[in-house]
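**Student:** After the structure tokens below, expect a handful of questions from me.
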Amino acid sequence: MSIPEITQKLLAAKQNKGLSFADLEKILGRDEVWIAALFYRQASASEEEAKLLVEALELDASYIQELITYPVKGLGPIVPTDPLIYRFYEIIQVYGLPIKAVIHEKFGDGIMSAIDFTLDVEKEEDPKGDRVKIIMSGKFLSYKKW
């Protein structure tokens with residue numbers, strides 16, 4: 001998986017400034033996961049959001065145009081090889097159909113929106129080892145009959 005050049009520059013600037021995505025959340029007023037998606041070109045910023053980010057990272061204003069451009073989304077047609085990303089792929093391979101069945105039982109025939117959607121990552125302290133808690137919330141969209 002190749003990382004876009006702009007992503008590399010944004011990450012380097014963030015590291016040089018000693019900022020976290022949570023720090024940028026306070027500056028931009030957007031969730032840290034959404035900001036990370038913007039860095040990895042999986043989201044596009046408004047002009048105001050792009051200006052705030054470029055100023056916070058002390059980058060050239062030329063980055064604004066690229067940040068407001070609509071990106072091509074997704075990892076591509078390959079199985080991800082990064083171990084953390086692969087685990088999400090594995091989770092969906094194993095639990096995708098069970099999750100789908102439970103959603104259909106509770107909501108009916110439809111899908112969970114990935115557009116009207118939020119995702120939060122939380123750290124749960126546990127004496128047996130800290131846990132990653134991921135909360136996904138998407139609007140349910142029924143299939144229509146015609």
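**Student:** For region 83-114, what are the residues that are at pLDDT below 90 and of a type in the set (D, E, K, R)?
**Tutor:** Scanning region 83-114 gives no hits.
**Student:** Where residues in region 2-31 are out of contact with any helix residue (DSSP H, G or I) (no Cβ under 8 Å at 6 or more places or on another chain) and surrounded by 13 or more Cβ atoms within 10 Å (Cβ to Cβ), which of them is modelled with the highest pLDDT?
**Tutor:** Per the criteria, the residue is Asp23.
**Student:** Still on this structure, please answer the following. Check off (1) modelled with pLDDT of 95 or more; (2) out of contact with any Lys or Arg (no Cβ under 8 Å at 6 or more places or on another chain); (3) surrounded by 13 or more Cβ atoms within 10 Å (Cβ to Cβ) for Leu59 and give me the number that stays unchecked.
**Tutor:** (2)
**Student:** While we're on this one: Would you check if Gly76 is under 30 Å from Leu24 (Cα atoms) and small (Gly, Ala, Ser)?
**Tutor:** Taking the combined requirement at face value, the residue satisfies it.
**Student:** Mind checking which pairs have a first residue in region 125-143 that is free of Cβ contacts under 8 Å to residues at least 60 places away in the same chain and assigned by TED's automatic domain parsing to the domain that holds Glu32 and a second that is assigned to a loop (DSSP other than H, G, I, E, B) and hydrophobic (A, V, I, L, M, F, W, C), Cβ under 8 Å, 6 or more apart or different chains?
**Tutor:** Hits for this filter: zero, empty list.
Condition check ((1) under 28 Å from Ser137 (Cβ atoms); (2) in the same structural domain as Ser137 (by TED's automatic domain parsing); (3) polar (S, T, N, Q)) across all residues:
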position: Leu11; (1), (2), (3): yes, no, no
position: Ser20; (1), (2), (3): yes, no, yes
position: Arg41; (1), (2), (3): yes, no, no
position: Glu55; (1), (2), (3): no, no, no
position: Ser62; (1), (2), (3): no, no, yes
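**Student:** Shifting gears a bit: Would you pick out the residues in region 1-19 that are over 19 Å from Lys73 (Cα atoms) and assigned to a loop (DSSP other than H, G, I, E, B)?
**Tutor:** Answer for region 1-19, where residues must be over 19 Å from Lys73 (Cα atoms) and assigned to a loop (DSSP other than H, G, I, E, B): Gly18, Leu19.
**Student:** A follow-up question, please. Only one of Gln8, Gln42 is more than 20 Å from Val121 (Cβ to Cβ) and without any contact (Cβ under 8 Å) to a residue 40 or more places away in the chain. Can you tell me which?
**Tutor:** Gln8
**Student:** Can you name every residue in region 120-146 that is among the aromatic types (Phe, Trp, Tyr) and either in contact with an Asp or Glu (Cβ under 8 Å, 6 or more places away or on another chain) or surrounded by 10 or more Cβ atoms within 10 Å (Cβ to Cβ) (or both)?
**Tutor:** Across region 120-146, the qualifying residues are Phe140, Tyr143.
**Student:** Still on this structure: Select from region 67-118 the residues that are under 16 Å from the mean Cα position of the chain (by Cα) and loosely packed, with under 11 Cβ neighbours inside 10 Å and list them in ascending order.
**Tutor:** Listed by number, the residues that qualify are Tyr70, Val72, Gly74, Gly76, Leu84, Ile115.
**Student:** Tell me the residue from Ala43, Ala36, Ala22 that is closer than 23 Å to Thr118 by Cα and in a loop (DSSP other than H, G, I, E, B), please.
**Tutor:** Checking each option against the conditions leaves just Ala43.
The values are calculated or read from the model by the stated rules, or taken from the named source; none is laboratory data. Remember, predicted model here, so these are calculated numbers, not experimental data. With ideal geometry, Cβ positions are generated from the backbone for all residues, glycine too; neighbour counts draw on all protein chains shown.
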